[in-house]
Every structure is written in structure tokens, then in C-alpha cells.
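S.K.: Dropping a structure here in C-alpha cells format, bear with me for questions.
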Amino acid sequence: MTVRLGRFGAWMSPATDEQTRRKTAVEAEKLGYDAVWFGIGSGTVEDLAYFEEVLAATETVTVATAIVNMWTNDAGRIAASYHRLIERYGNRFLLGVGVGHPESVAQYESPYAKMVGYLDRLDAEGVPKEGRILAALGDKSLKLAADRMLGAHPYLVPPAHTGHARKILGPDAILAPEHKIVVEEDAEAARLIGRPFVEKPYLGLRNYVSNLRRHGYTEEDVAGSGTDRLIDDLVLHGSPATIANRLGEHLTAGADHVGIHVLGPDILTGYRKLAEVVF
């Protein structure tokens, strides 16, 4: 089983309504994106029914969960749903799983042990490693992704993290970071969209803040609502060509694929403009 991701995919926030995301997935496939990533948050999606709807509405694009939260979704039920989708749609579905962040789930404890136990259960239920990808930031989770998954799907990371992650993962595991963009050449206008999205919740979550500090950002950068430098790096803006060049830094650093996360009131137009320069 080989999951096709290509170089660029469309990554969509759970804050965007399901109808818009489904419509965007259909259009993204036509534009040339090889994968569509669906942010989930901490919600329960054990039947994977929405993702089956997206698979039915599309023809070739890979549909990926980003991510199924291990705390709020039973591994056995997720595995049963996974097998149903694979039986109907082949290798077009990629199961992204992870532990999220400690502030989001009341019973959050021993995240590494939770990940190992969850993957043990998926193994027991016959979900193949090449059909699943792990949300991973730190070295232990990246090593786990390399050993027991198709690879890693880091979120809210600069290219410096991608270069580090490739070293930890080794040459064979898939590395597919997410990166936010605003197709807007006015810097202040772009920051008005990007800053609130980064500040809340991510600059209040210790795993993301610690990761950013490990990869080139200072206490000042990550304090409050974030410096312009931080926001401009995490939410790329400019012309489509400028943004495409910046996204390419992930590929140069060792990524196989980048999930492009368009922010703003009209995400579909953003994907259309990017497609003109990345494909």
C-alpha cells in the first residue's frame, strides 16, 4: 500500500465549516493538490464518516486526518472505520493520529506512553504502519514516527524544525509539515489575519512554544501575541510566488510534502492562486 501525497497538499482548519472544507477538497483535487488534510482538534470522529463523504466526493486525492486525537477516540473503533474506508477507497485515506496538547484534554498524562499504547492497539487491529502518520514535534515522538509510522506530520513549525526532524527520522520516513499562509502582499493586513490564529491558542501551549524556542525563536518572539518576525515566519504572506518560494524551504530542508494551510475569509481563492505557481 502506497499513499500518494505529492509535494503540496491543502490543509484545512476545523474552524472552517464542513461544507466549505468538502467543497475546497473537491476543487483542490482539480487544481493539482495531491492531498487534503483535515484538522480535527480534540473532537470525537471514530466513525470517520465525514472523511468518507470527502472520499466519495473526490476521485484521486488523498484524504488525511490531521489529527485524530488519541485521548478522545478509541483505537479499536478508529481501526474498524479505517478498514471500512480502505476497503472502499483503497490507499486514498491516510490516518493521522496524535496526542494533541496537555491543555486540551483533562486526563492528559504520560503522552509518550499513550502514543505507544495507541499504536500497539492499531497494530493489533491490523492498521498498517504505512497507512498512518504521527503528529510529532519532539525527538521522542519523531523517532516513534520513524519506527512505527509512515512518518511525521509536524504542525506550526519553521523549516529549521524540518531540517532537524529529517535528521531524527532518517532518510526513509515521510516528513509532511503543515504551514500557514495568507495570500496578501500588505504585511499589516496579513498579520491581522495570521497573528490571532497563532496567538490563541498556540502561544499559550507549552509544547508549541517550547518547540519554537528550540528552533531559533527567543522568549521575546513567543511572548504575548508574538513578534512580527515570528508571525511572518509561521504565517507566510506576500505574492503567490513569494509564498511558494518560502514553502520550498521546507522541501530543501528535507520535507517530502507540505500541507498548505490557507488562512482568511476565502481559503479557496488562496488555494487557486497558489496552484498557479506550485504546479
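S.K.: Taking a probe of 1.4 Å, how large is the accessible area per residue of the stretch 25-102, in Å²?
M.R.: So the stretch 25-102 comes to 32 Å² accessible per residue, rounded to a whole number.
S.K.: Right, another one. Kindly work out what percent of the DSSP beta bridges joining two residues of the chain are antiparallel, to the nearest 5.
M.R.: Just about 0 percent of them are antiparallel.
S.K.: Further question: Evaluate the charge dipole of the stretch 141-239 about its Cα centre and quote only its size in Debye, nearest 20, assuming +1 on the Cβ of each Lys and Arg and -1 on the Cβ of each Asp and Glu.
M.R.: Dipole magnitude for the stretch 141-239 comes out near 600 debye.
S.K.: Would you be so kind as to identify which of Val54, Thr65, Leu5 lies farthest towards the positive end of the dipole of the stretch 4-74, taking Lys and Arg as +1 and Asp and Glu as -1 on Cβ and the Cα centre as origin?
M.R.: Leu5
S.K.: Also, I was wondering about something else. Given the alpha-carbon gyration tensor of the stretch 99-179, what are the semi-axes of its equivalent ellipsoid in whole angstrom, ordered largest first, with each equal to the square root of 5 times an eigenvalue?
M.R.: The answer is 20, 17, 10 Å, longest axis first.
S.K.: Looking at the chain, identify the longest residue range that excludes and avoids all GluC sites (Glu not before Pro) in DSSP loops having at most 13 other Cβ atoms within 10 Å.
M.R.: In short, 186-279.
S.K.: Under a point-charge model restricted to the Cβ atoms of Lys and Arg (+1) and Asp and Glu (-1), what is the dipole moment magnitude of the stretch 1-114 relative to its Cα centre, in debye to the nearest 20?
M.R.: Dipole of the stretch 1-114, to the nearest 20 debye: 300 debye.
S.K.: Also, I was wondering about something else. At q = 0.17, 0.18, 0.23 Å⁻¹, what log₁₀ I(q)/I(0) does a Debye calculation on the Cα points of the stretch 220-279 give, no solvent, two decimals?
M.R.: -0.65, -0.72, -1.02
S.K.: Oh, and also: Out of the trypsin sites (Lys or Arg not before Pro) in the stretch 1-96, which ones are loop residues according to DSSP with at most 16 other C-beta atoms within 10 Å?
M.R.: Arg4
S.K.: For the stretch 1-107, what is Rg from Cα atoms divided by 2.2 N^0.38 Å, rounded to two decimals?
M.R.: Computed over Cα atoms of the stretch 1-107, the ratio equals 1.03.
S.K.: With the chain treated as a Gaussian network of Cα nodes joined by springs under 10 Å, which of Ala223, Ala75, Ala152 yields the largest mean-square fluctuation?
M.R.: Ala223
S.K.: What's the FRET efficiency of Ala160 with Arg84 using the Cβ-Cβ distance as r and R₀ = 25 Å, to the nearest 0.05?
M.R.: Working from the Cβ atoms, E equals 0.05.
S.K.: Would you calculate the volume per residue, in Å³, of the smallest convex hull containing every Cα atom of the stretch 1-46?
M.R.: Here the figure is 100 Å³ per residue.
S.K.: I need the Debye-formula profile for the chain: one equal scatterer per C-alpha, no solvent, reported as log10 I(q)/I(0) at q = 0.08, 0.15 1/Å, two decimals.
M.R.: So the normalised log intensities work out to -0.29, -1.13.
S.K.: If you take the charge dipole of the chain about its Cα centre, with +1 on Lys and Arg Cβ and -1 on Asp and Glu Cβ, which of Asn207, His237, Gly138 is farthest toward its positive end?
M.R.: Of Asn207, His237, Gly138, it is Gly138.
S.K.: Given Cα pairs under 8 Å that are at least 6 residues apart, what percent is the relative contact order of the chain?
M.R.: 19
S.K.: For the stretch 31-171, what D do you get in µm² per second when you plug the Kirkwood radius from alpha-carbon pairs into Stokes-Einstein at 25 °C and 0.890 mPa s?
M.R.: D, rounded to a whole number, is 160 µm²/s.
S.K.: Mind putting a number on the dipole of the chain about its Cα centre? Charges go on the C-beta only, +1 for Lys and Arg and -1 for Asp and Glu, and I need it in Debye to the nearest 20.
M.R.: 480
S.K.: Along the positive direction of the dipole of the chain (beta-carbon charges: Lys, Arg +1; Asp, Glu -1; about the Cα centre), which of Phe38, Gly194, Thr162 reaches farthest?
M.R.: Result: Thr162.
S.K.: Considering only protein heavy atoms and a probe of 1.4 Å, how much of the accessible area of the chain is carbon and sulfur, as a whole percent?
M.R.: Answer for the chain: carbon and sulfur cover 49 percent of the accessible area.
S.K.: Connecting C-alpha atoms closer than 10 Å in a GNM of the chain, tell me which of Ala165, Ala136, Ala124 has the biggest fluctuation.
M.R.: Ala124
The values are calculated or read from the model by the stated rules, or taken from the named source; none is laboratory data. All values derive from a computational prediction rather than experimental measurement. Cβ atoms come from the backbone with ideal geometry, glycine included; neighbour counts cover every protein chain shown. These accessible areas exclude ligands, DNA and RNA; they are computed on the full protein's heavy atoms, side chains included. Shrake-Rupley method; radii C 1.70, N 1.55, O 1.52, S 1.80 Å.
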